[in-house]
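The values are calculated or read from the model by the stated rules, or taken from the named source; none is laboratory data. On a predicted model such as this, the values are computed, not experimentally measured, just so you know. A quick note on method: Cβ atoms are made from the backbone with ideal geometry, for glycine too, and the neighbour counts reach across all protein chains shown. For the accessible areas, the whole protein counts, side chains as well, though only heavy atoms, and no ligand, DNA or RNA atoms are used. Shrake-Rupley method; radii C 1.70, N 1.55, O 1.52, S 1.80 Å.
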Amino acid sequence: MSDKKIRVRFAPSPTGYMHIGNFRTALYAYLFAKKNGGDFILRIEDTDKNRQVNDAIEKIINILNWAELTYSEGVFVNSKSQFPISNKIPKFKSQNYKNLTEAGDYGPYIQSERLDIYKKYAQELLEKDHAYCCFCAPERLEKMRDLQTARKKAPMYDRTCLKLSKEEVAEKLKNGEPYVIRQKINTEGFTEFDDLIRGKVKIKNDLLDDQVLLKSDGYPTYNFANVVDDHLMGITHVMRGEEYISSTPKYTQLYQNFGWIEPKIAHLPLILNLDKTKLSKRQGDVAVEDYIQKGYLKEAIINFVALLGWNPGEGSTQEIFSLEELISEFDLKKVHKAGAVFDLKKLDWINAQYIKKLSIEELYEKSAVFFRQKDFYQNAPEEKKSEAHLKKVLTIEQDRLENLSQVGENNRFFFQDIQYSKELLRWKKMSDEDLKKSLEKSKAVLEKITETDWTKENLEKNLLEVAGEKRGDLLWPLRAALTGAQKSPSPFECAWVLGQGETLKRIGQALNLL
Ligand code: GLU
């Protein structure tokens, strides 16, 4: 690698949410920049006016902030103090978005604010005969494509306007006919580029389309803007999704046309559903925001997404990585070519590992909002909503949670009165009389324990002392009486959470059934 400072960018289009795939691109770019002491830059690619969504740029920035993927240059939200922007670099207000500030020497960092730049470079290509004006109406192009598709050919511009004479073009321009600027592809031979993940990629030039560079509204296409911007912003390494691989030779030709050095490029593998189709909304959530809302922890999401297409390589079985560990371990050479399967079970497992590591205080702070959404919580008496009670519930649930939206779900009996039939109390073939005796025995033990001794350990010790050989005879009826459920945590844990008063009350309720 040359000693030029590494500069990588995350260049999302503002669509209103952060797709998991985009988040992975951001993460890999960030890890690569940090590992190599480089710059990480946020550029906004808002050239598709039809897809603009309110606050979409802020949403992107919020997710980067949430994940702490610190960038030093690009687009920032004014009002929030987030990543420290160095005093050494110029800051300026966005022209097009009043909530945004830009910072850095290579601005503007929002493509809609760079239209003059794209025009200038499109003009340069026209002059060098690497581009031409195309006046074809959208209807004509549509017909052309339909015909090509019907003939089982890949839709491609048929170069009608390339045949126009200079005079014809001048005349049309003079008459104000709408036009786009197209790249004049070199259709001879092959174009080759080096992919950091795949090695050499070589594509036959006659497969390449004379793509639009500048649209009739003066906006550039992504296909043009990415080249101009990556060059002008001094980007050394580009990471983007595999779906761009077939377009890259066209970008390579543009770099050649301008006489610019092409950045190094890595196409990241597709992210797939379990059935190996491309990750889509139809099969599950695709937005990072959805997973946050479901109670997946930041550390777990980052860890999981990092493993979508990368692992530290042979000999390592490590699956849990902090962001710091990812920075030191990450290596583009170990990114896979094959699609990465999005396996929710794995995310659950990783999340569970991170939940287990939290202190009760932390778990409570992160879970409170999820409790508040639950109807069983909303309808619970005040004492059951208390911090102390929730912390007890969480102590019992901590090792069983896969995400925070599960809190309390399997143990609603901690929040509400229970109803069940006598049969639930029955262990094996115990008679009603035996059940009664069993519950009375538990009651006698539990009554004697003082409030300060009401700990899980003490409850277990005292109950087991009297349980005898057939533990189930004592423990099942008690557990059922406390929970009204077929399945639950142990009776000691449940009694501990419920407290002595409620425990004895529920045993009384059970005895009344017998
Ligand atoms: N704006 C493009 C996208 O959101 C970025 C592709 C790239 O990173 O070059 O897909």
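With θ taken as phi - 60° and the Karplus curve 6.51 cos²θ - 1.76 cosθ + 1.60 applied, the whole-hertz 3J(HN,Hα) list for the range 306-311 is 4, 7, 7, x, 9, 8 Hz, x standing for glycine and proline.
In this structure, the amide hydrogen of T101, modeled 1.01 Å from its nitrogen in the peptide plane, lies closer than 5 angstrom to those of F76, V77, N78, S94, counting only residues at least 5 positions away or on a different chain. Size estimate for the range 166-233 follows the Kirkwood approach: the inverse of mean 1/r over distinct Cα pairs works out to 14.5 Å. Specify the angular offset, from 0 to 90 degrees and rounded to the nearest 10, of the alpha carbon long axis of helix 456-467 from the longest principal axis of the alpha carbons in the chain. Result, in degrees: 40.
Once you've got the Cα coordinates, tell me which of K298/K392; K276/K346; K172/K215; K93/K119; K298/K346; K391/K456 are over 18 Å apart. Violating the 18 Å Cα-Cα cut-off are K298/K392; K93/K119. Of the three principal axes defined by the Cα atoms of the range 1-153, the extents in descending order read 54, 36, 35 Å.
Dipole magnitude for the range 306-364: computed about the Cα centre from +1 point charges on Lys and Arg Cβ and -1 point charges on Asp and Glu Cβ, it is near 260 debye.
Using only Cα atoms, tell me the angle between helix 56-67 and the longest principal axis of the chain; keep it within 0 to 90° and round to the nearest 10. Computed tilt is about 50 degrees. Could you please state, rounded to a whole Å, how far the C-alpha centre of the range 221-246 is from the C-alpha centre of the range 401-449? Rounded to whole Å, the Cα centres lie 62 Å apart.
Computed extension gain for K163 through E192, at 0.36 nm per residue and net of the alpha carbon distance, reaches 7.7 nm. The fraction of all Cα pairs in the range 115-158 landing in successive 5 Å bins from 0 to the largest distance is 5, 20, 17, 14, 15, 16, 9, 4, given as whole percents. Spin-label model, L344 to S216: label points 7 Å out along the Cα-to-beta-carbon direction sit 4.4 nm apart. By the equivalent-ellipsoid construction on the alpha carbon gyration tensor, the range 316-438 comes out with semi-axes of 41, 20, 13 Å, ordered largest to smallest.
When shorter helices are ignored and each DSSP H run of at least 4 residues is given -39500 (n - 2.57), the per-residue value for the chain at 222 nm works out to -13000 deg cm²/dmol. Report the Cys residues of the chain lacking a disulfide-compatible partner, meaning no second Cys Cβ under 4.7 Å from their Cβ. Cysteines of the chain left without a disulfide-compatible partner: C133, C136, C494. Give me Rg over Rh for the range 228-304, both radii from the alpha carbons and Rh done the Kirkwood way, two decimal places. Rg/Rh: 1.12. Evaluating 6.51 cos²θ - 1.76 cosθ + 1.60 at θ = phi - 60° for every residue in the range 346-354, the Karplus couplings come out as 5, 4, 4, 5, 5, 4, 4, 5, 6 Hz, glycine and proline recorded as x. Between D209 and S322, the simple spin-label model (points 7 angstrom out along Cα→Cβ) gives 4.8 nm. The range 317-354: which GluC sites (Glu not before Pro) are DSSP loop and have at most 15 other beta-carbon atoms within 10 angstrom? Those that pass, being in a loop and sparsely packed, are E319.
Against the chain, whose longest principal axis is taken from its Cα atoms, helix 387-397 shows a tilt of about 80°. Gyration tensor over the Cα atoms of the chain: the corresponding equivalent ellipsoid has semi-axes (square roots of 5 times the eigenvalues, largest first) of 63, 23, 21 Å. How many angstrom lie between the Cα centre of the range 1-47 and the Cα centre of the range 122-163? Cα centres, the range 1-47 to the range 122-163: 32 Å. With protein chains left intact and a 1.4 Å probe, residues in the chain average 50 Å² of accessible area per residue. Note on the range 232-390: the C-alpha convex hull projects to 13.4 nm² when averaged across all orientations.
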